[in-house]
Amino acid sequence: MLPLYEPSSTKVIFFTLIFGLIFATVFYKNFQKVGHYQSNNFRTIGRNIFGSQNPALPHLIHANDQWRFENTNDSIGDCNFIQDTQLFDALHPETVIGRGWNKKTLKINQTAVKKLNLKGVALVQCLNEAGDDFMKEYNCIENAVYKLNKEVSILLALQHIPNTPKLLAYCIPYDFIADAHKLAIVTDIGTPLDNLFLIQSNWETRLQILHEIIDFMERIQPFILQDLRRQQFMMIDNKPVYIDFDDVTIEENCPIFNATDNESCVQVSSNIARRLYEEFVDEFFWLGQPKYAHQHLEELKKSYAGNHLDMQTLKYTVKRLNQNLL
């Protein structure tokens, strides 16, 4: 007599395998679309921040033992380059020149090196809130990593635009969670664009700096600099260079220099113009001003005081001041 459950057991196993295969196929395809990993000849991180779902940002692909953005020029160094140059060797003293909630910037061998700030407020606070939850701890580190990777992707996208720091090398290890301490961005370095620099500069230099910053902001659209401060700029080769891309957003339908139809975009344009006025015009432009500039500056001051200042007005005023200067 045959065992009572043998035929049904075989069927169960057979249909379980078929169902498992179908489920795995459907899950894999949807996983590709949603986005943690994609596979198209290379293993690809498909998370939105890495550009797979945003045409303004490049894809990140797996190459050997690290991750590289697909549009990386061969002249830009990788993890091996950083290791071979012994950039973090004891022979090269480190000087901390910037420290934020997520990153710290070091001056090493006449370059600026950005790394994760593993003792930063954001990461420490996130890990404390995670408690003993492994997945929450993982997400804390992943979030910090993705912000650094986002900066690399934006730097690559803007390398052809003046006033962007030259990207010399970057390292994104394959296991960027376990090797988070190895993550690094290496760029050229300059001098801080601070109060002392602006006060010691003549009026024409201050005007040229503001003109270049406004021109830079127009060139990089749809990227928008949301949080403008003097500390986010350095002077490299006598040009203001933007160095902090933490708060850069991508706004495809927000032309801040012609924001008339979109109410939220009008507000963005106004906020940015006011920040530029506060950081670069107020006080500084009144020092050593030529006679022809007085009326323009008074009009600018009234626009600011009346909350009517926007990027179009600021650009137009700076352009007129430049024309008079010539």
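Every number in this text was worked out from the coordinates using simple rules, so none of it is lab data. These numbers come from a predicted model, not from an experiment.
The table below gives the values:
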{"read-out": "Anisotropy class of region 191-325 from Cα gyration tensor, a/c 1.5 cut", "value": "oblate"}
{"read-out": "Relative contact order of region 94-156, pairs being alpha-carbon contacts under 8 Å that are 6 or more residues apart, as %", "value": "23 percent"}
{"read-out": "Global form of region 171-257, assessed from the alpha-carbon gyration tensor, a/c cut-off 1.5", "value": "oblate"}
{"read-out": "Karplus-derived 3J(HN,Hα), 6.51/-1.76/1.60, for each residue of region 64-77, Hz, glycine and proline x", "value": "6, 10, 8, 9, 9, 6, 5, 9, 6, 5, 4, 6, 8, x"}
{"read-out": "Proximal lysines to residue 136, defined as alpha-carbon separation beneath 24 angstrom and excluding residues fewer than eight positions away on the same chain", "value": "33, 103, 104, 115, 119, 147, 150, 182"}
{"read-out": "Average Cα contact separation per residue, region 117-221, under 8 Å, 6 or more apart, as relative contact order %", "value": "20 percent"}
{"read-out": "Cα gyration tensor shape for region 77-230, rounded if a/c is under 1.5, else prolate or oblate", "value": "prolate"}
